[in-house]
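One structure is given here, and the rest of the page talks about it.
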């Protein structure tokens, strides 16, 4: 029993993204909803990033939130509920969206369930995941890929962070970094 408790993660890592509509309002609403459903323990600063893959589309606002741990299926169901409430439409793979909520990691836990792969299989390649995650959890480790700080260093060496901008403003009342208050004018 003690070993099970020691192995149990203390939080899950979720990535948020939006590039349609009022992006700030959609991300703030998502954080509030996630807090109601799971309990948000920390929220990163917001980054603006160019889309990766997919059709021509507007830039994204991205953030990382740490939430109370739950089963992989429960995390996926919660992510889908929050996306549905933001009127997410899944018309084109990697297409524009009001809200995207991805489960990135759950401690050392792994899931090879095709519906919910944990850790997220492309997280280590995404500056819009690694940069805000490092802000909110400096000692974070992505299972199978190592410390997030090392992943960010690699992304910097590869030029993958060019054009990624950390924005002023926050999504919650207790952000990590950021100045708090409303989005930039």
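The values are calculated or read from the model by the stated rules, or taken from the named source; none is laboratory data. Keep in mind that this is a model prediction, so the values were computed, not measured. Note: ideal-geometry Cβ built from the backbone for every residue, glycine included; neighbour counts use all protein chains shown.
Things to note:
- Among the residues of region 89-106, none qualifies, meaning not one is under 23 Å from residue 19 (Cβ atoms) and part of a helix (DSSP H, G or I).
- Selection count, region 132-148, where residues are out of contact with any helix residue (DSSP H, G or I) (no Cβ under 6 Å at 6 or more places or on another chain) and either modelled with pLDDT under 85 or outside any loop (DSSP other than H, G, I, E, B) (or both): 6
- Flag for residue 165 being farther than 12 Å from residue 64 by Cβ, surrounded by fewer than 14 Cβ atoms within 10 Å (Cβ to Cβ) and either touching a strand residue (DSSP E or B) at 6+ places or on another chain (Cβ under 8 Å) or at pLDDT 95 or above (or both): yes
- All of (1) farther than 15 Å from residue 171 by Cβ; (2) touching a residue at least 12 places away in the same chain (Cβ under 8 Å); (3) in a loop (DSSP other than H, G, I, E, B) hold for residue 73 with one exception: (3).
- Candidates in region 82-106 are the residues that are out of contact with any strand residue (DSSP E or B) (no Cβ under 8 Å at 6 or more places or on another chain) and surrounded by 14 or more Cβ atoms within 10 Å (Cβ to Cβ); of these, the one that is modelled with the highest pLDDT is 85.
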